[in-house]
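Following: one structure in structure tokens, then a few remarks.
The values are calculated or read from the model by the stated rules, or taken from the named source; none is laboratory data. Since we're looking at a predicted model, the values are computed, not measured. Here the Cβ positions follow ideal geometry from the backbone for every residue, glycine too, while neighbour counts run over all protein chains shown. These accessible areas exclude ligands, DNA and RNA; they are computed on the full protein's heavy atoms, side chains included. Shrake-Rupley method; radii C 1.70, N 1.55, O 1.52, S 1.80 Å.
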Amino acid sequence: MQILAQTVKTGIIKSNLIPMVAGLTLALYTYKINPFDHWLRIVSAIIGSALVIAAAGAFNNIYDRDIDAIMQRTQKRPTVTGDIRIGTVWFIAIGSTIVGLLALYLATPLAALLGFTGIFFYVFPYTIWTKRYTVYNTEVGSISGAMPPLIGWAAIHPNIMHPAILGLFVITLIWQMPHFYAIAIRKQDDYSAAGVPMLPVAKGMKRTYITTNIYLILLTASCFLLGTLSKGLMLVALLLSIAWLVMNIYGYHKKDPKKWATLLFVYSLLHMTVLFSTVIIYSIVGLYLKFH
């Protein structure tokens with residue numbers, strides 16, 4: 001089971017299901033939909049999302065075997081050690097894609113389309129192309145990483161242009177840059193050895209610091225989209241994002257790069273967990289009050 005978990009990257013599956021559920025519950029709350037009336041959609045969306053994310057992880061492990069063998073943090077992946085046959089991983093990746101998209105289609109065709117978009121961007125523009133050739137690989141990869149809240153919302157309601165879900169999408173999109181820059185700083189030697197042009201490796205710390213500040217300012221601005229639905233959610237998002245910006249400025253000038261990056265990395269996880277948990281709790285409580 002551990003080999004399978006490493007192959008499909010269960011940690012990434014779990015972390016991506018949180019924003020997916022946030023988008024789903026927020027749609028239920030926004031349109032005052034009783035979740036018991038759409039239980040099959042909800043179950044299908046959760047299963048489908050998990051399988052599509054698993055497929056993306058498996059495809060990534062297949063293609064990145066050469067650089068994974070160089071980087072210390074990935075050298076023990078089953079696709080590198082040979083603990084799992086590559087043919088088996090192909091079967092898992094393709095099978096998970098098909099079943100996952102069918103499950104999402106059972107929820108809604110739009111959810112399936114968004115799921116396909118996510119896996120397509122992760123495998124082709126990100127893994128096969130930009131990851132190895134440009135510092136903008138993180139921006140390209142963030143498109144697939146921002147799909148979960150849209151998928152969750154689309155499983156319940158087709159209007160993915162609502163400001164609230166656009167807010168969650170943009171927040172999830174922008175969140176990934178400072179998060180992955182922090183990882184790249186912590187694992188700079190690995191990425192440098194493998195020739196992966198992450199921003200800190202290719203452009204240095206000062207460029208990474210400035211770019212991180214720009215994205216954190218954009219992240220803060222995007223929080224106002226949530227105010228169209230709830231001032232409370234907007235306030236939580238604003239406080240979390242402003243704190244991250246202040247922490248980035250302070251940490252860069254006061255700590256060595258690895259400590260600064262570790263601080264940002266830990267806080268990025270806290271930011272996502274608190275924000276999306278708040279959205280889920282807010283939506284569930286609102287639904288409970290509506291239907292009881």
Query raised in the report: From the square roots a ≥ b ≥ c of the eigenvalues of the alpha-carbon gyration tensor of segment 91-133, which class results: rounded (a/c under 1.5), prolate (a/b over b/c), or oblate?
Result: oblate
Query - Highest to lowest packing among 213-222, 177-186, 57-66, scored as the average C-beta count within 10 Å - result: 177-186, 57-66, 213-222
Report task. Using the structure shown, list the pairs from Lys131/Lys206; Lys203/Lys254; Lys14/Lys187; Lys231/Lys259 with a Cα-Cα distance above 28 Å, or answer none. Result -> Lys231/Lys259
Report task. Can you spot the aspartates and glutamates whose alpha carbon is less than 16 Å from Lys258's alpha carbon? Ignore those fewer than 8 places along the same chain. Result -> Asp189, Asp190
Requested in this report: Tally up the carbon and sulfur contribution to the accessible surface of the chain as a whole percent, 1.4 Å probe, everything protein left in place.
Outcome: 70 percent
Query raised in the report: Considering only protein heavy atoms, what is the solvent-accessible area of Phe169 at a probe of 1.4 Å, reported in Å² to the nearest 10?
Result: 40 Å²
Report summary line: Ranking Tyr209, Tyr31 from most to least accessible area with a 1.4 Å probe gives Tyr31, Tyr209
Report summary line: Membrane-span-like helices (DSSP H runs, Cα span along own axis at least 24 Å, mean Kyte-Doolittle at least 0.5) in the chain -> 10-30, 39-63, 86-107, 163-186, 205-222, 231-254, 257-291
Requested in this report: Using a 1.4 angstrom probe, figure out how much accessible area segment 128-252 has per residue, in square angstrom, rounded to the nearest whole.
Outcome: 38 Å²
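When a/c is below 1.5 the answer is rounded, else prolate if a/b is larger than b/c, else oblate, so apply that to the chain with a ≥ b ≥ c taken from the square roots of the Cα gyration tensor eigenvalues.
Oblate, because a/c is 1.5 or more while a/b does not exceed b/c.
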Query raised in the report: Which order do peptides 93-101, 22-30, 200-208 fall in by mean Cβ count within 10 Å, highest first?
Result: 22-30, 93-101, 200-208
Report task. Work out, step by step, the length gained on full extension between Ala243 and Asn213: first 0.36 nm times the residue separation, then minus their alpha carbon distance; give nm to one decimal. Result -> 9.6 nm
